Amino acid sequence: MKKKKLLNITIITTLLFFSACSNKESNLKKKTKPQQLSIYNIIGISEPLKKNYKDIPQKNIVQDIEYISYRNNNPIQRNPYQTIKSIEYNAKRFLGVPYVWGATGPDKFDCSGFTQWVFRDVGINIPRVSKDQARVGEFVSFNNLQKGDMIFFDTHKKRTGKVSHVGIYLGNGNFIHASSAGKKVVIYNFNKKPFYKKRFLWGRRVVNSNFHYASNSNMMN
């Protein structure tokens, strides 16, 4: 009889022990859920913080991606003066080509499609749209514009301070652009077209004496 009671006690004690262990393991699993690994964790780098650029005014955005690239082994790059001459020559080749919104050339252009094509022809790759083109290169004020600089405008009916148009400065107040109003690639002069001088925002220089650029300039206006 005593042996039977002892056996029962041993069985009950064993069951309670395993039950307690099971509960502890279950609670431990709840407390230590497996971490969801992203691709950044897997390759061993910190995951970049997500930013909502829609909530940030355009003038305060500083791009952390270098949009400009230069074609290697391009003989034009050895001579910045020749590069600027080539930009002017390439741009003027398209005088009279029709303006079509969204067109990237060469038989029709919109404003930023035109500038992208012209600079790409001399081995300088810039973004596709004007608001992104306006964030690369060296900031240039109106009084410091030089031939070959990109120039940016706010042409909205009501001024917003945001880029909506781009052209290329040719010197002496002249600039070339694919104009929606002119319906083609044209050359205008700031003095003869005061609208553009009033709506000028800033310039960007991607060619200088050292053929360098500052893609992260935070001087936006």
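Just so you know, all these numbers are worked out from the coordinates, no wet-lab data involved. Being a predicted model, the structure only gives us computed values, none of them experimental. Cβ sites come from the backbone with ideal geometry, for glycine too, and all protein chains shown count toward neighbours.
Per residue and in cubic angstrom, what volume does the convex hull of the Cα atoms of segment 57-205 have?
Values: hull volume 16.4 nm³, N = 149.
Per-residue hull volume (Cα only) is 110 Å³.
With 26 Å as the limit, the listed pairs K92/K158; K92/K131; K147/K184; K85/K157 have K92/K158; K85/K157 beyond it between alpha carbons. Assign unit charges at the C-beta atoms only (+1 for Lys and Arg, -1 for Asp and Glu), then state the dipole size of segment 57-205 relative to its Cα centre in Debye, rounded to the nearest 20. Using only the charged Cβ atoms, the result is roughly 580 debye.
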